[in-house]
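Contents: one structure, followed by commentary.
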Amino acid sequence: MLDTGRTARPREAVPDTATLVDQAETRRSLRFTVRSLLQYRELLRNLVVKDLKLKYRGSVLGFLWSLANPLLMLVVYTVAFRYVLKVHSEGFVLCLLVGLLAWTFFSNTTSMATGAIADNGGLVKTVYFPRAILPIATVLFNFAQYLLNVAVLLPVMLLLYQMPLAAPMLAFPIFVGLQLLFMVGVALWVATGTAFFRDLKHLLEVGLAALFWATPVLYQIEQVPASLSLPVRLAPLSPFVIAYQRMFFYREWPEPSVWILAVTYTVIALVGGLSLLTRFEERFAELV
């Protein structure tokens with residue numbers, strides 16, 4: 001063989017385009033985060049089911065406790081407001097409970113979301129999955145509790161107070177869906193913030209206590225003095241609570257301003273929460 005004097009050069013590996021990943025997209029893209037959540041939806045479902053099973057593990061009645069709790073609430077509030085505080089406004093307890101159920105969903109989810117990422121360091125450091133799944137699983141767990149309570153309380157209260165069905169009640173699933181998306185956004189904000197600042201958990205405890213009185217749960221928006229009406233209406237959960245009271249107590253359609261605020265808060269919370277988590281997702285392993 002003739003020696004041409006040329007040194008054989010190793011053949012360059014040709015990248016497999018099927019396995020290439022746009023690192024910029026995986027780190028910064030909101031679209032990638034949403035797509036990843038869809039791909040890992042089975043993991044999300046399993047986390048929610050696991051939490052529900054753990055809550056009632058070892059109990060005799062199991063999920064029936066979720067039905068007993070709202071019925072007990074109905075009895076307690078009826079006795080307290082009708083016979084102790086002498087509030088004789090027809091259907092007042094119904095008005096109170098639809099707001100209280102919405103508030104409980106909000107406060108429980110917000111409180112639990114503080115530990116969604118910060119308290120799962122072992123999982124975050126060892127396994128890859130979209131980190132947004134952790135706070136979203138917290139939302140869905142509490143949402144399941146909310147739906148169980150509503151499924152029991154609403155029919156009983158409508159029958160007990162002989163409230164006829166009305167067309168505005170058709171808006172209820174719409175506002176429930178908006179509140180669910182709103183809570184997803186809030187949970188993403190809170191989970192990301194707590195991963196950086198642990199004091200946020202304690203600040204939220206104080207903030208939620210104050211926010212409860214700024215939300216028209218124990219009172220109706222019509223009872224608020226004119227000078228305070230706007231701040232109360234602008235409270236984060238107020239548009240949802242006001243809407244529920246309108247449809248079930250007054251049997252009226254929520255005002256346009258209530259619709260606008262509910263949609264606006266939902267979009268800001270959801271888009272902002274997803275964007276914030278997407279931006280800082282890679283740093284969670286260092287922080288927890």
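A short reminder: the numbers here are calculations on the coordinates, not readings from a lab. The model shown is predicted, which means the values in this text are computed figures rather than measured ones. Neighbour counts run over all protein chains shown; Cβ positions are idealised from the backbone, glycine included.
Look at the dipole of the chain built from charges on Cβ: of 186, 47, 227, the Cα furthest out on the positive end belongs to 47. By the helix-only formula, in which each DSSP H run with n ≥ 4 contributes -39500 (n - 2.57) and the sum is divided by residues, the chain has a 222 nm mean residue ellipticity of -21000 deg cm²/dmol. Taking the chain as a Gaussian network of alpha-carbon nodes connected by springs under 10 Å, the highest mean-square fluctuation of the residues 81, 182, 249 belongs to 81. Based on alpha carbons, the Rg and Dmax found for segment 60-287 are 18.7, 58 Å. With 10 Å bins beginning at zero, the pair-distance distribution over Cα atoms of segment 112-186 amounts to 16, 36, 25, 15, 7, 1 %.
Against the chain, whose longest principal axis is taken from its Cα atoms, helix 30-39 shows a tilt of about 80°. Peptides 162-175, 187-200 ranked from most to least packed, by the mean per-residue count of other Cβ atoms within 10 Å: 187-200, 162-175.
Averaging 1/r over each pair of different alpha-carbon atoms in segment 175-227 and inverting the result gives 13.2 Å, the Kirkwood hydrodynamic radius. In terms of surrounding Cβ atoms within a 10 Å radius of their Cβ, 125, 55 rank from fewest to most as 125, 55. Shape analysis of segment 177-288 based on the Cα gyration tensor places the equivalent ellipsoid semi-axes at 31, 17, 10 Å, largest first.
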